[in-house]
1. Considering the stretch 23-33 alone, what residues qualify as being assigned to a helix (DSSP H, G or I) and within 11 Å of F113 (Cα to Cα)?
2. Restricted to the stretch 263-301, and to residues that are part of a strand (DSSP E or B) and of a type in the set (V, I, T), which residue is surrounded by the most Cβ atoms within 10 Å (Cβ to Cβ)?
3. Within the stretch 241-262, take every residue that is under 15 Å from S209 (Cα atoms) and among the β-branched types (V, I, T) and give me the one that is surrounded by the most Cβ atoms within 10 Å (Cβ to Cβ).
4. Counting only residues that are part of a helix (DSSP H, G or I) and modelled with pLDDT under 75, how many does the stretch 302-335 have?
5. Listed residues E160, E118; which is in a helix (DSSP H, G or I), over 30 Å from R242 (Cα atoms) and not aliphatic (A, V, I, L, M)?
6. Filtering the stretch 115-168 down to residues that are within 30 Å of G88 (Cβ to Cβ) and in contact (Cβ under 8 Å) with a residue 60 or more places away in the chain, which residue is surrounded by the most Cβ atoms within 10 Å (Cβ to Cβ)?
7. Filter the stretch 240-294 for residues that are closer than 20 Å to G327 by Cα, of a type in the set (K, R) and touching a helix residue (DSSP H, G or I) at 6+ places or on another chain (Cβ under 9 Å) and give the result.
Amino acid sequence: MKEKFLEVIVSEMETGVIVIDGKKKILYANPFFMKTFSAEGDLKDKRLADIVNDETLLKTVDNVFSSKNMSPNAFIGEGQPQEITIQGKKNQVLEARLVPFSMKTSRVIIGFFRDVTEEKRVEAIKRDFVANVSHELRTPLASIKGYAETLLDGAMNEPETLKNFLSIINRHAGRMAVLIEDLLTLSMLESYHLPLKLEPVDVKALINSIIQGFEKNAGDKGLKLIADISDYIPSVTADRVRLEQVIVNLVDNAIKYTNSGAVRVTVNMADNMLKVDVEDTGIGIPEKDIPRIFERFYRVDKGRSRELGGTGLGLAIVKHIIQAHNGKIWVKSIPGKGTTYSFVLPFNPSVAA
């Protein structure tokens, strides 16, 4: 009864568990281990090397079995566990702990495999975030400091130079203010501390107003700015300010990265949800970059993005605003032909799934 009870516990664990004998054959493997290494059928008495093709793991198993602590008279706890990091069959990052277990008649290794893929991904995002914030702030700060020092060294006595340098300092300070504001907004969105002021929003009126505000930007580049909105779009329950922020960001990006052709905003209904497409005929996004396009500070063209005044946070904010409304957003793009950002929102987010 006790053994059956323990087997049920181990079989339900979200940690891979395996028992290996002195001949490197498997005595037991729980379902999580089998799933992690894409193993099927009964693994009992199969060679470990036939299931797991990882040199680090196999070599460590050899080292543990050859350790002096694995004497026939040793008991669990006397041997030295070994901890390593390996890769699963589906490129997961796994932390493996191999515990020697010796009895009078047999010697085995009990292996525990924990999937730390998501932890490692989050750690990498945090490292990148700190590095990116430092980089984004360092550049304008260095410029502000440099121009201020030049003015203090005597350049302030030259009216034309003074005006020019103060203008540059003001521009960089403005960029820092926008970056910090975006960081605060994103932080509140990610921690769900930014309340949404939900109210009925006339989407057609909102988008027509946004289009009107961008007509000069588009006209200066010779672009057509088109609103294609269905006549039968009901009001959507949303935070008007945040929804406007989403559409402004997408239209602004479309204009920035389109040199000829048009930017079209299409609004209709799809599966009883509001669907908005912002389509351009711009430079497009390489396929390899699409999965990361909504990440913080991720830029396809870093140089051009900074030149155009982007903080690298706009699309991350857009994604979180849409998700806060229980909606979804995605992108399709063909390099050299254009990009379409699409999102859907329930007409009443409080009853969305």
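1. F32, F33
2. The qualifying residue surrounded by the most Cβ atoms within 10 Å (Cβ to Cβ) is V263.
3. V246
4. Total meeting the criteria: 6.
5. Only one candidate qualifies: E160.
6. The extreme case among them is D115.
7. Answer for the stretch 240-294, where residues must be closer than 20 Å to G327 by Cα, of a type in the set (K, R) and touching a helix residue (DSSP H, G or I) at 6+ places or on another chain (Cβ under 9 Å): R240, R242.
The values are calculated or read from the model by the stated rules, or taken from the named source; none is laboratory data. All figures in this text were calculated on a predicted structure; none of them were measured in a lab. Please note: Cβ atoms are built from the backbone with ideal geometry, for glycine as well, and neighbour counts cover all protein chains shown.
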